[in-house]
Amino acid sequence: MFQSLPTWQSVFSESPIPGEVESLLSEMEPSCRDCGSQTAFVWLGSDDVTSNTFLEILERGLDATLLQHNPAPVALCPTCCVVRIVRALTLRDLSYIEVCSPRGTSPGIVLPMAY
Ligand SMILES: [Zn+2]
């Protein structure tokens, strides 16, 4: 599920995550790590994200949580980003209905959502 940064900032105004995401996107490498095409996404590992830790990550931000326990972020093109999402879901034997692409012109965050 895609959420734009302005939406995040309006709902979670105290969270450092929107500012951290803007910084990660501004430092994004121009070539996809997996295929060399033009990049549009920064891939962050999600080890340690659970329903119990999500609020802590939201409050403390990515630098103090996810980026401490996952490989360094990598830049990806849209196709390779979707390939990684599908691989991550199928490795955990999770089924999925769709991968929602970004909408509009604002930068944002793609997060897994459970229905
Ligand atoms: Zn690629």
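The set of residues from the stretch 12-51 being within 16 Å of residue 107 (Cβ to Cβ) and at pLDDT below 90 comprises just one member, 12.
Restricting attention to the stretch 7-31, the residues that are touching a residue at least 24 places away in the same chain (Cβ under 8 Å), farther than 17 Å from residue 66 by Cβ and in contact with a Pro (Cβ under 8 Å, 6 or more places away or on another chain) total 0. If you go through the stretch 74-98 and pick out every residue that is more than 15 Å from the ligand (Cβ to nearest atom) and either surrounded by fewer than 14 Cβ atoms within 10 Å (Cβ to Cβ) or not in a helix (DSSP H, G or I) (or both), you end up with 9.
For the stretch 37-45, state whether one or more residues are free of Cβ contacts under 8 Å to residues at least 24 places away in the same chain and either loosely packed, with under 14 Cβ neighbours inside 10 Å or β-branched (Val, Ile, Thr) (or both). Checked the stretch 37-45: no residue is free of Cβ contacts under 8 Å to residues at least 24 places away in the same chain and either loosely packed, with under 14 Cβ neighbours inside 10 Å or β-branched (Val, Ile, Thr) (or both). Taking the stretch 25-63 as the range and being small (Gly, Ala, Ser) and assigned to a loop (DSSP other than H, G, I, E, B) as the test, the residues that pass are 36, 37, 40, 45, 46, 51, 61. Number of residues in the stretch 14-55 that are near the ligand (Cβ under 10 Å from one of its atoms) and either over 17 Å from residue 2 (Cβ atoms) or hydrophobic (A, V, I, L, M, F, W, C) (or both) equals 10.
In this structure, does residue 97 turn out to be closer than 19 Å to residue 3 by Cα, at pLDDT below 90 and not hydroxyl-bearing (Ser, Thr, Tyr)? Taking the combined requirement at face value, the residue satisfies it.
Residue 67 - would you say it is in a helix (DSSP H, G or I) and either under 16 Å from residue 1 (Cα atoms) or in contact with a Leu (Cβ under 9 Å, 6 or more places away or on another chain) (or both)?
Working: in a helix (DSSP H, G or I): yes; either under 16 Å from residue 1 (Cα atoms) or in contact with a Leu (Cβ under 9 Å, 6 or more places away or on another chain) (or both): yes.
Judged against the criteria, residue 67 is a match.
The values are calculated or read from the model by the stated rules, or taken from the named source; none is laboratory data. Computed from a predicted model, the values in this text were never measured in an experiment. Positions of Cβ are generated from backbone atoms using ideal geometry, with glycine treated the same way; all protein chains shown enter the neighbour counts.
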